[in-house]
Amino acid sequence: MVRRLARDVMFTLVRTVGVHDNVLDAWALMSRIDVRDAVGTDLRGRVAGLIDGRRVCNTWPDGP
């Protein structure tokens, strides 16, 4: 079994979305850079949560 570490599969550059940003803007960013999730940050740049692309899709079954 091959042992994989987070650094083997994670990107160095993390795309973030502000907690006050519009969900549609977050979805557009995620679609444009082809990622499934985005990190939500507060006004100080600290991690405040995670935006899950699947949850966004389930909110709008026909698309945003």
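Where nothing but the Cβ of Lys and Arg (+1) and of Asp and Glu (-1) is charged, how large is the charge dipole of the chain around its Cα centre, in debye to the nearest 20?
On the way: 10 positive and 8 negative charges, 76 e Å.
Using only the charged Cβ atoms, the result is roughly 360 debye.
From least to most packed, judged by other beta carbons within 10 angstrom and beginning with the fewest, Leu5, Leu29 follow the order Leu5, Leu29.
Each residue in Met30, Met1, Met10 was given a count of other beta-carbon atoms within 10 angstrom of its own, and listing them fewest first yields Met1, Met10, Met30. Using only the alpha-carbon atoms of the chain as identical scatterers, what base-10 log of I(q)/I(0) does the Debye formula give at q = 0.12, 0.15, 0.27 Å⁻¹? Taking Cα atoms of the chain as identical point scatterers yields -0.36, -0.53, -1.20.
Work out which trypsin sites (Lys or Arg not before Pro) in the chain are exposed loop sites (DSSP not H, G, I, E or B, at most 11 other Cβ within 10 Å) and give the longest gap free of them.
Numbers: sites that count: Arg3, Arg4, Arg36, Arg44, Arg46.
The longest uninterrupted stretch comes out as 5-35.
Annotation: amide H of Gly40 within the under-5 Å range of Val17, Ala48, Gly49, Leu50, Ile51, sequence separation 5 or more or interchain, hydrogens built in the peptide plane.
Based only on other Cβ atoms within 10 Å, what is the fewest-to-most ordering of Ile33, Ile51?
Numbers: Ile33 10, Ile51 21.
Starting with the residue having the fewest Cβ neighbours, the order is Ile33, Ile51.
Values in this text are rule-based calculations from the coordinates and carry no lab data. Values in this document were obtained by computation on a predicted structure and should not be read as measured data. Don't worry about glycine lacking a Cβ; one is built from the backbone with ideal geometry, like all the others, and counts go over all protein chains shown.
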